[in-house]
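For reference, the structure is listed below as structure tokens.
The numbers here are math on the coordinates, done by the rules we state, and not lab data. This one's a predicted model, so the numbers in the text were calculated from it and none came from an experiment. Positions of Cβ are generated from backbone atoms using ideal geometry, with glycine treated the same way; all protein chains shown enter the neighbour counts.
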């Protein structure tokens, strides 16, 4: 399976060990029975994920071939529960392939998220100027890189000025439990757009290969909410018809950011 991502990237599933039945088999091994009916197996998988019994999901492993910009790879590699083997710019020449954002994806810095962009679309003249500048820089830096290569400078040195927008490739192998954790973080609306695109591509593959487990992941992890001890106290006040602003003035203390997050959760519940 291959899914195109961004302008030149992709996600390919190259190997898989196990499926929904492997999760069930591992869970039932303690009392020596395997798969039963589809509905019984589905109930078991949903029970396991709902109650955080995660080890049976580690019985499923997936290996991907992924082509991605280096700045995305540097975020991705923070998930240290996978096996990775990456294309080497010391052994091979880097290809003239760069990520160029679409105009509508060029945004200002968010005023509420220190590490992300805002939701406001910029004036087309500003975004066009930015994209054109990015293209020109990429062209110049790659020409410089090729010049160094052609003059005999070592590849490991010639590459050091190449930008983070250049594409790399790797093989990435991970078990389903840790992959679900990756998707929970990287499909979140606060994750950078570009890595979200890759996470969403992987999710499409999982929907086909482990449909029962993925549906349970959507219901109990991806689209679930966590309420802290203090948030639960506030929630109980709201359920007793106390106004949210009055509840926040009670003896339950949250800091400014917690209050914002709590209100966001309540508003989201109201929308549903």
Quick one: work out Rg over Rh on the C-alpha atoms of the range 11-93, Rh as Kirkwood radius.
1.13
Which distance in nm do the two modelled labels at residue 266 and residue 14 give, with both placed 7 Å along the Cα-to-Cβ direction?
5.1
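Using the 10 angstrom Cβ neighbour count as an exposure proxy, how do 4, 229, 265 rank, fewest first? Before the final figure, lay out the partial values.
Numbers: 4 12, 229 7, 265 15.
Lowest to highest Cβ neighbour count: 229, 4, 265.
Rounded to whole Å and sorted largest first, what semi-axes of the equivalent ellipsoid does the C-alpha gyration tensor of the range 229-271 yield via the square root of 5 times each eigenvalue?
Details: eigenvalues 40, 36, 15 Å².
Whole-Å semi-axes of the equivalent ellipsoid: 14, 13, 9.
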Cα long-axis angle, helix 256-271 against the chain (0 to 90 degrees, to the nearest 10):
70
In the range 1-32, which residues have a backbone nitrogen under 18 Å from the label point lying 7 Å from residue 85's Cα in the Cα-to-Cβ direction?
12-17
Two-decimal Rg to Rh for the range 103-161 - Kirkwood Rh, Cα set
1.21
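Can you give me the orientation-averaged projected area of the convex hull built on the Cα atoms of the chain, in nm²?
Details: hull surface 77.1 nm².
Average projection, Cα convex hull of the chain: 19.3 nm².
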Tilt, helix 193-209 to longest principal axis of the chain (alpha-carbon atoms), in degrees rounded to tens, equals 60
Mind sorting 251, 96 by how few other Cβ atoms lie within 10 Å of their own Cβ, fewest first?
251, 96
Which of the peptides 100-109, 170-179, 205-214 is most tightly packed, and how do the rest follow, going by the mean number of other Cβ atoms within 10 Å of each residue?
170-179, 205-214, 100-109
Taking alpha-carbon centroids only, the range 239-269 lies from the range 83-110 a number of Å equal to 41
Two pseudo-spin positions, 7 Å from Cα along C-beta at residue 239 and at residue 71, lie apart in nanometres by 4.5
Peptide ranges 149-156, 66-73 listed from the most packed, as the mean C-beta count within 10 angstrom indicates:
66-73, 149-156
By average Cβ neighbour count within 10 Å, what is the ranking of 57-64, 118-125, 218-225 from highest down?
57-64, 218-225, 118-125
Compute the long axis of helix 124-150 from its Cα atoms, compare it with the longest principal axis of the Cα atoms of the chain, and write down the angle in degrees, 0 to 90, nearest 10.
60
222 nm mean residue ellipticity, helices alone, for the chain (DSSP H n ≥ 4; -39,500 (n - 2.57); rounded to 500)
-14500 deg cm²/dmol
